[in-house]
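> Here it is, the structure in full.
Each reported figure results from applying straightforward, stated rules to the coordinates on display, with no laboratory input. Because the structure is predicted, anything quoted here is derived from the model rather than measured. Backbone-built Cβ (ideal geometry, glycine too); neighbour counts: all protein chains shown.
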Amino acid sequence: MFAYSDESYVDHKGRIRWRCNDQLAEKLKQLYAFLVIGDYEESHAARYPRLAHAISRHPESVLKMNRDNNLESLPGVSKVIAKIIRELLDTGTCTKMTDGDEFFAPPPQSVLELTEIPRLGAKTAKLLYQDYGIDSLAALADAIEDGTVESIKGIGKAMLATMNKHIQANRDKLI
């Protein structure tokens with residue numbers, strides 16, 4: 001289970017920030033990437049990075065807001081979004097990422113490993129997953145080794161080098 005930190009800190013501009021808000025913001029960005037990769041309507045998924053930005057800068061702890069049943073006071077948070085946030089806070093994931101819904105069949109969780117590669121965003125991960133079946137870091141390593149990735153339009157030598165560097169640094173995670 002994912003553990004959120006309820007400690008505050010002062011950022012470089014002198015503002016009080018909350019680690020739990022930053023952690024939740026990262027989870028919301030992952031949710032966005034996951035939805036885009038799984039072909040969820042991007043205009044609907046785009047709310048999650050915007051919400052992540054707002055939450056990361058919110059002056060109150062989202063953990064406290066959750067305890068006080070006050071998540072809907074956050075800008076842009078409806079009952080449905082509050083439910084997703086509660087799930088993320090309670091479990092580190094949400095049903096949208098595990099079960100999907102009537103508009104979305106989720107890809108494997110391992111596909112998020114691709115978005116951990118520097119400069120490799122959700123749309124490139126979607127291309128790798130949907131068009132080439134690359135659904136994990138291990139699958140990407142195999143596709144690089146067999147030359148598949150070199151032939152993918154939009155992936156140049158610099159990105160290929162970044163991918164290889166990330167794979168080498170995370171060899172212990174490959175199955």
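> Given Cα pairs under 8 Å that are at least 6 residues apart, what percent is the relative contact order of the stretch 8-98?
Normalised by residue count, the contact order of the stretch 8-98 is 28 percent.
> Could I ask something else about it? Which of the peptides 123-131, 76-84 is most tightly packed, and how do the rest follow, going by the mean number of other Cβ atoms within 10 Å of each residue?
Going by the mean number of other Cβ atoms within 10 Å, highest first, we get 123-131, 76-84.
> [x] 57, 29, 26; [y] 40, 39, 32; [z] 53, 41, 27: which one is Cα extents along the principal axes in Å as calculated from this entry?
Calculated Cα extents along the principal axes in Å: the matching label is [z].
> Using +1 at the C-beta of Lys and Arg and -1 at the C-beta of Asp and Glu, which of 109, 159, 174 has the Cα lying farthest in the positive direction of the dipole of the chain?
Highest projection toward the positive end goes to 159.
> Roughly what angle does helix 19-37 make with the longest principal axis of the chain, taking Cα atoms, 0 to 90 degrees, to the nearest 10?
Roughly 40 degrees between the two axes.
> If you stretched the chain out fully between residue 3 and residue 171, how much longer would it get, using 0.36 nm times the residue separation minus the C-alpha to C-alpha distance?
Result: 58.0 nm gained on full extension.
> So what are the ³J(HN,Hα) numbers for the stretch 51-58, from phi and the Karplus equation (6.51, -1.76, 1.60; θ = phi - 60°), rounded to whole Hz, Gly and Pro as x?
Going residue by residue, I get 5, 4, 4, 5, 5, 4, 9, 5 Hz, with x marking Gly and Pro.
> Calculated FRET efficiency, residue 95 and residue 157, Cβ-Cβ r, R0 45 Å, to nearest 0.05?
Once the sixth-power term is evaluated, E becomes 0.65.
> Okay, moving on. Please give the helix 122-132 orientation as an angle from the longest Cα principal axis of the chain, in degrees from 0 to 90, rounded to the nearest 10.
Around 40 degrees separate the two axes.
> How big is the charge dipole of the chain about its Cα centre, in debye rounded to the nearest 20, if each Lys and Arg gets +1 on its Cβ and each Asp and Glu gets -1 on its Cβ?
It works out to roughly 780 debye.
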